[in-house]
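Comments concern the structure below.
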Amino acid sequence: MRIKNINGTSQMTCKCGSWLSHWKTYGGNSNVRYCAASTCINTDLVGAHVQKANSTDQGWYIAPLCKAHNNHTGTLEVSCTLVLANKSKTCG
């Protein structure tokens, strides 16, 4: 699946303690160790706010990306489950 980062979300918080914890709690893999970007083996993971690229779905999601890919401005190929970032439908 192709995704694009949502810029300017670093100050957003949720009740899970971190967005990576949010991703793990609401459908991700609690044992994730590597960045979800294709072929990346970085382990400095964050819960990145993303949108599906080339999609009519404009929802915000969380994906486990390394810090470098979280700052990426283009689209990325990822192989992971995206978890809704909408707190009213998850932890809020």
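The values are calculated or read from the model by the stated rules, or taken from the named source; none is laboratory data. Just so we're clear, the structure is a prediction, and the values are computed from it rather than from any experiment. Heads up, the Cβs are rebuilt from the backbone with ideal geometry, glycines too, and the neighbour counts pull from every protein chain shown. When the accessible area is computed, the model is the full protein with side chains, heavy atoms only, and any ligands, DNA or RNA have been set aside. Shrake-Rupley method; radii C 1.70, N 1.55, O 1.52, S 1.80 Å.
Annotations for the structure displayed:
- For the stretch 1-36, filtered to residues that are basic (Lys, Arg) and more than 18 Å from Glu77 (Cβ to Cβ), the residue that is surrounded by the fewest Cβ atoms within 10 Å (Cβ to Cβ) is Arg33.
- Residue match in the stretch 36-46 (condition: part of a loop (DSSP other than H, G, I, E, B), closer than 18 Å to Arg2 by Cα and among the charged types (D, E, K, R)): no
- Residue count for the stretch 2-32, restricted to those that are in a loop (DSSP other than H, G, I, E, B) and touching a Pro at 6+ places or on another chain (Cβ under 9 Å): 3
- Among the residues of the stretch 37-52, the ones that are over 20 Å from Cys16 (Cα atoms), among the small types (Gly, Ala, Ser) and open to solvent by less than 30 Å² (accessible area, probe 1.4 Å) come to 1 in all.
- Filtered residues of the stretch 19-44 (kept if of a type in the set (D, E, K, R) and under 18 Å from His69 (Cα atoms)): Arg33, Asp44
- Number of residues in the stretch 68-80 that are part of a loop (DSSP other than H, G, I, E, B), open to solvent by 40 Å² or more (accessible area, probe 1.4 Å) and farther than 22 Å from Arg33 by Cβ: the value is 1.
- Flag if Val83 is in contact with a Leu (Cβ under 8 Å, 6 or more places away or on another chain), closer than 25 Å to Gly17 by Cβ and surrounded by 16 or more Cβ atoms within 10 Å (Cβ to Cβ): no
- Matching residues, the stretch 53-67, being open to solvent by 70 Å² or more (accessible area, probe 1.4 Å) and either more than 14 Å from Ser18 (Cβ to Cβ) or assigned to a loop (DSSP other than H, G, I, E, B) (or both): Asn54, Thr56, Gln58, Trp60
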